[in-house]
1. Where the only charges are on Cβ atoms (+1 Lys, Arg; -1 Asp, Glu), what is the dipole of the range 1-105 about its Cα centre, to the nearest 20 debye?
2. Please identify every one of the GluC sites (Glu not before Pro) in the range 79-121 that sits in a loop by DSSP and has no more than 12 other beta carbons within 10 Å of its own beta carbon.
3. Mind giving me the nanometre distance, one decimal, between the label points for N65 and R140, set 7 Å out from Cα along Cα→Cβ?
4. Could you compute how much accessible surface E75 exposes when probed at 1.4 Å, giving the result in Å² to the nearest 10?
5. Measuring from a point 7 Å past the Cα of K159 along Cα-to-C-beta, which residues in the range 13-47 have an amide N at less than 15 Å?
6. With bins 10 Å wide starting at 0, give me the P(r) of the range 78-128 over every alpha carbon pair, in whole percents.
7. Once you keep just the Cα pairs under 8 angstrom separated by 6 or more residues, what percentage relative contact order results for the range 1-81?
8. Near K119, which lysines are there with a Cα under 22 Å away, not counting those fewer than 8 places off in the same chain?
Amino acid sequence: MENVSISNMYVEVPATKPDAGYEYEGPIEDMPRNISPSSIVGMPDALITNVTLKNIEIKHPGGGNPMYAKVGLDELDKVPEKPTFYPEFSMFDELPAWGLYMRHAKDIKISNLTLSCEKKDYRIAIVTDDVQGSTLEGVRITQSGSAQPNAKNYLHAYKSTVTVKK
């Protein structure tokens, strides 16, 4: 996937199964898990390239529980690839971010992104893994009513080059 532009979007992530009641529901999981973050995820041999997100607001329920299947920031290689399940949103099982997870991508430009988390979540807001030449500008993060203005508080870049601008 390449050359995608999305702007002026408001999203509320539900605290329950997001596709419940739709004609084509994803798989029903037999174990509890944390709510998945929004994601931009390619494959090692098929990167997502040249994506622009502008003026996006995402409200997440939060409340992640590390007892379910925690993937620590030092364990990102444990996130499975699962190419035969691609692009099912729940294919990764547990992800290390609550707001946005990006993997195997390049030239991702995000400006004026607001991520808010209703309940405290043990996960960091944004995680990148194998993301090159990307820019975050004007990102605002709130979790349980407290702002996280500093990139080191909300972004973990692993095997990635991400520029953060105010």
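The values are calculated or read from the model by the stated rules, or taken from the named source; none is laboratory data. Computed from a predicted structure; not experimentally measured. Positions of Cβ are backbone-derived with ideal geometry, glycine not excepted, and every protein chain shown enters the neighbour counts. Protein only, heavy atoms only, side chains kept; ligands, DNA and RNA dropped before computing areas. Shrake-Rupley method; radii C 1.70, N 1.55, O 1.52, S 1.80 Å.
1. 320 debye
2. Counting only loop positions with at most 12 other Cβ atoms within 10 Å, the GluC sites (Glu not before Pro) in the range 79-121 are E88.
3. Here the answer is 3.2 nm between the modelled labels.
4. Approximately 50 Å² for this residue.
5. Under cut-off, by backbone N: 41-47.
6. Calculated over all Cα pairs of the range 78-128, the distribution is 19, 49, 30, 2 percent.
7. Once normalised by length, the contact order is 48 percent.
8. K17, K59, K70, K152
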